[in-house]
1. So which residues in the stretch 292-321 are free of Cβ contacts under 8 Å to residues at least 40 places away in the same chain and away from the ligand (no atom under 12 Å from the Cβ), if there are any at all?
2. Output the qualifying pairs, or none if there are none: Cβ atoms under 9 angstrom, residues six or more apart or on different chains, first residue in the stretch 197-213 and over 30 Å from V145 (Cα atoms), second residue hydroxyl-bearing (S, T, Y) and surrounded by 19 or more Cβ atoms within 10 Å (Cβ to Cβ).
3. Can you tell me which residue in the stretch 274-298 is modelled with the lowest pLDDT, limited to those that are surrounded by fewer than 19 Cβ atoms within 10 Å (Cβ to Cβ) and at positive phi?
4. Search the stretch 231-245 for residues being away from the ligand (no atom under 13 Å from the Cβ) and not charged (D, E, K, R), and hand back the single one that is surrounded by the most Cβ atoms within 10 Å (Cβ to Cβ).
5. Which one of these is more than 15 Å from the ligand (Cβ to nearest atom), at pLDDT 95 or above and over 19 Å from F210 (Cβ atoms): V324, V263, V252, V271?
6. So, in the stretch 68-84, of the ones that are small (G, A, S) and in contact (Cβ under 8 Å) with a residue 24 or more places away in the chain, which residue ends up most open to solvent (accessible area, probe 1.4 Å)?
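The values are calculated or read from the model by the stated rules, or taken from the named source; none is laboratory data. Predicted, not measured: the structure shown is a model, and the values here were computed from it. Cβ: placed from backbone, ideal geometry, glycine included. Neighbour counts: every protein chain shown. Only protein heavy atoms, including side chains, enter the accessible area calculation; ligands, DNA and RNA are left aside. Shrake-Rupley method; radii C 1.70, N 1.55, O 1.52, S 1.80 Å.
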Amino acid sequence: MATRNWIPFLTICSLLLILATLAIPQLAQAQWQATIGAQSTDLAKQAMAFLPNEMWIHAGDSITWTFDSAEPHTVSFLKAGQVRPPDQIGCPGFSPDGFATFDGSTCVTTGRLREGQTFTVAFPTANNFKLVCLIHRNMTATVHVLGLSEPLPHDQDFYDKQAQQERERLLSAIDLGSHDGQAAENHVHAGAGLISATPGGSENVAVMRFDHEKTFIHAGDTVEWSNSDPSASHTITFGAEPADPMPPSGNVTLDSDGARHAVISTTTDSVHSGFIVASPQERTGLAQLAPGVTRFRITFKNPGTYSYICTIHDELGMKGTVIVMP
Ligand SMILES: [Cu+2]
């Protein structure tokens with residue numbers, strides 16, 4: 001008789017225990033979702049953004065960011081006052097394994113992650129934290145971690161809708177060559193971009209394309225490429241890809257207006273523009289910088305078909321051809 005009475009009692013006990021373990025973490029530690037990056041189906045338009053870029057959560061909660069673009073990004077929380085490191089260096093001593101805890105005392109970052117990958121950060125203490133991508137400028141967000149007694153202004157459904165709205169707004173914000181009125185057969189727009197902001201941070205969208213995939217000229221003509229993206233660098237690279245994409249190849253000279261210029265004689269010539277990009281944005285306390293190199297020119301001496309790529313964004317489809325007729 002005694003053993004028979006014990007069995008239902010134990011069953012109820014274990015049921016209660018299971019219910020308790022299921023219920024407690026959900027009540028005390030919410031798990032929020034956000035995404036990073038967005039892209040058009042042809043990969044040409046890349047939104048460099050945390051979606052959404054402002055969230056309010058409770059101490060003890062965590063946020064999982066899902067990467068959503070072929071263009072890589074990082075989830076990076078730096079310490080207050082920390083000098084921003086290059087993404088290749090990241091946060092020395094921290095090894096990302098898909099999960100981190102951030103309370104402001106040590107720097108936390110992922111490596112370069114792409115679509116399908118995720119990273120979760122738990123926030124044990126109340127504070128306001130800035131979130132950045134170490135690869136891209138003007139890609140920031142804010143996480144407000146509130147004490148448990150404070151109500152949260154929004155739920156996950158709100159953030160999902162807001163992320164979708166920001167995604168659509170960014171991807172429809174710009175088209176190649178639509179903004180500077182410069183249209184000529186021997187001029188190629190090498191990318192275009194826009195920076196935009198919300199109270200939570202800044203985000204930007206870039207078009208990773210050459211606007212004429214094919215450019216037709218005659219021998220002796222000069223083609224000019226220009227980058228009107230405020231953030232993203234591009235290169236115009238014929239032939240061998242250099243190990244370091246930042247500097248131009250040795251056969252590139254400077255025109256008097258600051259544009260880089262090269263001459264190509266045969267389809268086997270290698271010419272690399274180096275980074276074609278606007279100068280970094282101004283900040284009080286920084287030395288004045290030159291305007292940046294935003295134009296690159298090549299004079300083609302002989303007929304032929306000359307293929308080129310942007311060494312940074314060729315995987316997104318940023319490629320072109322110059323067809324030189326006699
Ligand atoms: Cu590019």
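1. So the first thing to find is which residues in the stretch 292-321 are free of Cβ contacts under 8 Å to residues at least 40 places away in the same chain, and the list is 292-293, 304-305, 314.
Once the filter is applied, which keeps residues that are free of Cβ contacts under 8 Å to residues at least 40 places away in the same chain and away from the ligand (no atom under 12 Å from the Cβ), the stretch 292-321 yields G292, V293, G304, T305.
2. From residues that are over 30 Å from V145 (Cα atoms), the pairs are A206/S231; F210/Y308.
3. G285
4. First, pick out the residues of the stretch 231-245 that are away from the ligand (no atom under 13 Å from the Cβ): 238-240, 242-244.
Next, only the ones that are not charged (D, E, K, R) stay: 238-240, 242-243.
Numbers: F238: 20, G239: 18, A240: 12, P242: 16, A243: 5.
Filtering the stretch 231-245 for residues that are away from the ligand (no atom under 13 Å from the Cβ) and not charged (D, E, K, R), the one surrounded by the most Cβ atoms within 10 Å (Cβ to Cβ) comes out as F238.
5. Values: V324 fails: over 19 Å from F210 (Cβ atoms); V252 fails: over 19 Å from F210 (Cβ atoms); V271 fails: over 19 Å from F210 (Cβ atoms).
Just one listed residue meets the conditions, V263.
6. Pass one, the stretch 68-84, residues small (G, A, S): 69-70, 76, 80-81.
Narrowing further to those that are in contact (Cβ under 8 Å) with a residue 24 or more places away in the chain: 69-70, 76, 80.
Working: S69: 1, A70: 24, S76: 0, A80: 104 Å².
Within the stretch 68-84, the match that is most open to solvent (accessible area, probe 1.4 Å) is A80.
Conditions (1) under 18 Å from T222 (Cβ atoms); (2) hydrophobic (A, V, I, L, M, F, W, C), marked per residue:
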| residue | (1), (2) |
| --- | --- |
| P280 | no, no |
| G285 | no, no |
| L289 | no, yes |
| R295 | yes, no |
| Y308 | yes, no |
| T311 | no, no |
| L316 | no, yes |
| K319 | no, no |
| V324 | yes, yes |
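Yes/no matrix, rows are residues, columns are (1) surrounded by fewer than 20 Cβ atoms within 10 Å (Cβ to Cβ); (2) touching a helix residue (DSSP H, G or I) at 6+ places or on another chain (Cβ under 9 Å):
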site: A163; (1), (2): no, no
site: L170; (1), (2): no, no
site: V188; (1), (2): no, no
site: G193; (1), (2): no, no
site: P199; (1), (2): yes, no
site: R209; (1), (2): no, yes
site: I217; (1), (2): yes, no
site: G220; (1), (2): yes, no
site: D229; (1), (2): no, no
